[in-house]
Structures are given as C-alpha cells and as structure tokens.
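These notes are about the structure you will find just below.
The values are calculated or read from the model by the stated rules, or taken from the named source; none is laboratory data. The model shown is predicted, which means the values in this text are computed figures rather than measured ones. All Cβ positions, glycine included, derive from the backbone under ideal geometry; neighbour counts span all protein chains shown. The area values use the complete protein model at the heavy-atom level, side chains included, leaving out ligands, DNA and RNA. Shrake-Rupley method; radii C 1.70, N 1.55, O 1.52, S 1.80 Å.
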Amino acid sequence: INDDTPSETLRERSLAAVAEYIKSGQARRVVVMTGAGISTAAGIPDFRSPETGLYANLAKLNLPEPEAVFDLRFFEKNPKPFYVLAKDLYPGNFHPTVSHVFISLLAKKGLLHQLFTQNIDCLERAAGIPSELIVEAHGSFASQRCIECKTSYPEDLMREHVARADVPRCIRGTECGGLVKPDIVFFHEALPSLFYERKDLVEKADLALVMGTSLQVHPFAGLPNYVPEGVPRVLFNMERVGSLGTQADDVLALGDCDAGVRELADLLGWREDLEAEWRSL
Ligand code: CNA
C-alpha cells in the first residue's frame, strides 16, 4: 500500500473525508493515542525531536545514555539526574494545547471512546477530559511513593523537593529511608493494569487518531496495530511513524498537530468552539 492506494471506508484519504465520516455519524467510538508531541506547544520538550528534545539536552547530566534518566536500575544508584529533569517537567506550570482541547471536545460531544496517553504531564485532565476516559499508560506525576516500602509521599513535600531538584526520601525516615519516585513508569517497570484492561477498546474503535508520538516505546507503540482494517486511522505528527500509512483508510496529517486539528475542526465546523474552549482554560 502506498499513499495513493484508494480508501475503502473513507471517500478518499484526506482530512476532509474524515470530517465527512464524523459528520455522517459513523464515528461514534473514537480512540485517541497520544505522546509528547501534543505537549511541545505547551513548552514541554519531547524525548526524541532533534535539538529540542530532552534526549538531545541531557548531555549536561553525564548519563551513560539519555534513556538512563528513566531507568529504574540507574535511578536506584543515582536519582539526582531524574530530579534535575523533573524540575522542568513538573505539572502546574503548563497550559493544555489546542490538541488537548480537541480531544476534550470529542469527549463533550460523546464521541471519545478512550484516550491512551504516554504523557506524564497531566495536561489531559487539565483540559477537562473526564478521568474515566483516560488511560495514562506511563503513569503520571499526580502521585508518588517510596520505591522500597511503597509508602505514598505527600504532594506538598514533593513539590518543594522538585522545585529544589532535591531527592526526596521515604517519610518513614530511618526506618526505611528509600528513594521516592513519582508514579511514572520507568524502563524495567510494568505498565498500569488499566492499560491491559482497556487495550481491547482499540479493536472496537470506528475511528482512531494518533497524535504526537514517535511510536518507539513498547507495548504502547503496538496499539495502533489493533485498529481493524477498514477503520480509518489518522496520524497528526511531524513525521510518519509506526505502521501508519500502510492501511487503506490511513490518513497522514503530517506537520504540527495543533495545525492539523485546527484544520479538521474547520472542516467539522467546530473551530469556534475549539478556540473558545482553549482560551477559557
Ligand atoms: P517522542 O519519542 O519524543 O516522540 C515525539 C513525537 O512527536 C515525534 O515523532 C515528533 O516528531 C512529534 N512531535 C513533536 N512535536 C510535535 C508537534 N508540535 N506536532 C506534531 N508532532 C510533534 O515521545 P513519545 O511520547 O512518542 O515517547 C514516549 C515517551 C515520551 C513516554 O514514555 C512519555 O512519558 C515521554 N515524555 C512525555 C512528556 C510529557 O508528558 N509531555 C514529555 C517528554 C517525554
């Protein structure tokens, strides 16, 4: 299949045809899969964009390789680099993007079946997407605990430590003294059980949107492959990723994802709502 292969379900492989499909009422279970690219416009760097991505800027932390900052075994030996980074990423300082608001609009219209996000910035909740429709596949900064005894750690203390890029220790003091880590999923850690419980919803989708992800991290990267043939998949991303583009009803909206969703919103007649909602946040 190449980009000119005729579509089966859509009139053609374009955003205009996706808008028609939604307007005709055929898309009632929209599944959205997102990554760091939907938050870069909020000022949060992604991992892999050349030059601006976190991995390109971690040299100053003297890591064996950039991924080490999110590696549990490395963290156990040297937690400081993670906390240097956490200072820049910590929720509270950022505003949801137009892409987040578009997903929230889908929810308001009763079309959002499930959002699977790899992001840990909590901007989905800040955009008003109901929590029961969100799977934070890589956890989030919303809670934290001791990595040894799992005792949870208070948010106000966490905020103070992160602001100083200081490593917090278990509140049980000398009795435990373990390192405290936010409940974000590091390499070598299991994904939340909710990811596995909700994964099947992807097979039930009648439209899938993949936004701002390099699809490099497994098992999340495999999710778009569960979308059945004949169900349109739309990619809003700077670059082509994963298997997107290889099915007959794949639409590639390559470029900035906020620009892509604005174009789709125009075609749907949702643009005013989108901008008003975004400004009101
Ligand atoms: P990634 O590997 O950094 O890929 C980001 C993708 O988004 C790339 O393909 C970029 O080309 C693309 N992109 C960047 N900016 C835009 C834009 N404005 N419009 C469209 N596309 C854009 O990040 P992934 O999410 O794929 O990797 C998974 C990791 C990244 C997860 O474990 C996350 O926890 C982690 N992460 C999250 C955040 C966050 O929460 N905001 C920030 C940085 C990393």
Completion exercise
Condition set closer than 16 Å to residue 14 by Cβ, open to solvent by less than 30 Å² (accessible area, probe 1.4 Å) and part of a helix (DSSP H, G or I), scope region 225-281, selection nearest to the ligand (Cβ to nearest atom): answer is 260
Practice task
Please specify each residue of region 84-125 satisfying the condition of being within 12 Å of the ligand (Cβ to nearest atom), of a type in the set (A, V, I, L, M, F, W, C) and at pLDDT 95 or above.
Solution key: 98, 116, 123
Exercise for the section: Mind counting the residues in region 63-87 that are open to solvent by 70 Å² or more (accessible area, probe 1.4 Å) and either outside any helix (DSSP H, G or I) or in contact with a Leu (Cβ under 6 Å, 6 or more places away or on another chain) (or both)? Expected result: 2
Exercise for the section: Tell me which of these residue 45 doesn't satisfy, since it passes every other one: (1) touching a residue at least 12 places away in the same chain (Cβ under 8 Å); (2) more than 9 Å from the ligand (Cβ to nearest atom). Expected result: (2)
Exercise for the section: Check off (1) more than 10 Å from the ligand (Cβ to nearest atom); (2) touching a residue at least 60 places away in the same chain (Cβ under 8 Å); (3) assigned to a helix (DSSP H, G or I); (4) not acidic (Asp, Glu) for residue 222 and give me the number that stays unchecked. Expected result: (2)
Practice task
List every residue pair whose Cβ atoms lie under 9 Å apart, where the two residues are 6 or more positions apart in sequence or sit on different chains, the first residue falls within region 106-118 and is in a loop (DSSP other than H, G, I, E, B), and the second residue, located anywhere, is aromatic (Phe, Trp, Tyr) and away from the ligand (no atom under 16 Å from the Cβ).
Solution key: 109/270
Exercise for the section: Name the residue, out of 178, 212, 222, that is touching a Cys at 6+ places or on another chain (Cβ under 7 Å), open to solvent by less than 20 Å² (accessible area, probe 1.4 Å) and closer than 15 Å to residue 32 by Cα. Expected result: 212
Fill in the blank from the handout: A careful count of residues in region 8-36 that are within 16 Å of the ligand (Cβ to nearest atom) and open to solvent by 20 Å² or more (accessible area, probe 1.4 Å) gives 1
